[in-house]
Structures are given as C-alpha cells and as structure tokens.
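As structure tokens, the structure follows; a few thoughts come after it.
The values are calculated or read from the model by the stated rules, or taken from the named source; none is laboratory data. Fair warning: this is a prediction, and the values are worked out from it, not measured in the lab. We place every Cβ from the backbone using ideal geometry, glycine too, and count neighbours over all the protein chains shown. Surface accessibility is based on the protein's heavy atoms, side chains included, excluding ligands, DNA and RNA. Shrake-Rupley method; radii C 1.70, N 1.55, O 1.52, S 1.80 Å.
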Amino acid sequence: MFWKVFRLAPFSVAVYPFLAPIAMLATLLAWALSPLIATISMITGKNEVGGPLAYLYTHDASLDGGIEQKHDGYDPNAKGFKLWCQRVCWICRNPASRFDAYVLGYPSEGSTLIFASGEPYPPIHYWSVIELKNGRRIFGYRHQGRWFGWKHEAIAGRYLLKAKPF
C-alpha cells in the first residue's frame with residue numbers, strides 16, 4: 001500500500017520525514033510551555049493567548065475547549081487552580097495543532113479525496129491521498145493511535161500534519 005501512496009503523492013511522502021521532527025519538537029514545546037500558557041490566560045482573564053504561543057494549542061477551540069466541546073472531566077464551573085489545570089490538560093491533549101495546521105498544514109477548501117484504503121474508524125490501518133485545490137497531493141496514514149502524514153479529515157478548514165508515532 002505504501003508504494004501506491006508514494007506513486008500518488010511522492011512529494012508529500014518525500015518531505016514528511018523532514019517535517020515530522022519539526023512537528024514533534026513543536027509538540028514537546030507545547031507540553032513544556034503549557035503551564036506558562038495557562039498561567040498567562042489566567043492572568044489576562046482570557047481563554048486565548050496571542051502571539052507565537054497561540055501556535056502551541058489547538059486552532060479549532062479556545063483553551064477552554066474541553067468545556068466548550070463537553071469532554072468528560074472538564075468542569076464548566078471550574079475556577080482558579082482547577083481551571084488552570086484544565087487548560088494545561090487541554091493544551092497537552094492538542095499540542096501544537098495550530099502550528100501543525102497553519103505552518104505545516106494546508107487549507108481544505110476545494111480538495112478531493114482521491115485514494116482511501118481501510119476503515120478510518122476504528123483506525124486499524126487507514127491510508128489516504130488528498131488532492132488539494134492547487135493540485136498538490138498529501139498522504140495520510142493512521143494505525144491505531146499512531147499518525148503519519150496529514151490527517152484525512154479537515155479540522156476547521158485545515159489538514160494538519162500529524163507526527164504522533166507514540
């Protein structure tokens with residue numbers, strides 16, 4: 001299956017090994033700076049932070065995304081230290097996805113899925129190739145909880161580079 005994907009999207013397969021370590025470093029940076037980002041949000045009274053630190057959390061929700069999306073364990077009435085902890089957890093749950101979407105990712109508008117193999121959910125083995133509006137092709141592979149390439153589903157209008165091998 002790899003060789004078929006390689007023939008369909010050779011450029012993205014070739015550059016992915018160079019981009020994946022950058023994404024992994026951004027993830028590590030997000031985890032390390034999550035207490036600082038949460039602290040800044042608590043001090044400013046906002047559930048967002050600006051500037052470069054914004055790239056270290058998700059692009060489709062605020063730092064209160066766990067509450068907004070009604071995920072188990074996120075208390076909508078949390079204040080103080082508990083709210084700070086929830087924000088740290090949210091950053092760690094979605095580390096650097098804004099970076100992966102806007103710096104290493106692509107817009108989804110006008111794209112077409114041109115190849116898919118396997119079942120996307122549950123993700124045992126799932127390969128995909130997407131042709132973007134500009135003609136460039138990107139690949140994605142998901143095996144259980146590990147991701148390689150670009151996510152096959154757009155989130156907030158973007159295909160994120162995925163480099164979560166662990």
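So the values come out like this:
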{"read-out": "0 to 90° range, to nearest 10: angle between helix 10-44 axis and the chain longest Cα axis", "value": "10"}
{"read-out": "Size-normalised alpha-carbon gyration radius of the chain, reference 2.2 N^0.38 Å", "value": "1.10"}
{"read-out": "Electrostatic dipole magnitude of the chain [Cβ: Lys, Arg +1; Asp, Glu -1; Cα centre; debye, to 20]", "value": "340"}
{"read-out": "Inter-label distance for ARG136 and THR112, nm, one decimal - labels placed 7 Å from Cα along Cα-to-Cβ", "value": "1.9"}
{"read-out": "Prolate/oblate/rounded call for region 1-73, Cα gyration tensor, a/c under 1.5 rounded", "value": "prolate"}
{"read-out": "Viscosity 0.890 mPa s, 25 °C: Kirkwood-radius Stokes-Einstein D of region 37-104 over Cα pairs, µm²/s", "value": "207"}
{"read-out": "Per residue accessible area in Å² of the chain, where ligands, DNA and RNA are left out and the probe is 1.4 Å", "value": "52"}
{"read-out": "Residues of region 137-153 with amide N under 19 Å of the 7 Å Cα→Cβ point at GLU119", "value": "141-147, 152-153"}
{"read-out": "Spatially close lysines, pair count over the chain: Cα under 22 Å, gap of eight or more or interchain", "value": "12"}
{"read-out": "FRET efficiency for PHE11 and LEU36, using Cβ-Cβ distance with R0 set to 45 Å, rounded to 0.05", "value": "0.80"}
{"read-out": "Angle between the chain longest axis and helix 80-93 axis [Cα atoms, degrees, rounded to 10]", "value": "10"}
{"read-out": "The chain, accessible surface, carbon-and-sulfur percent (1.4 angstrom probe)", "value": "63"}
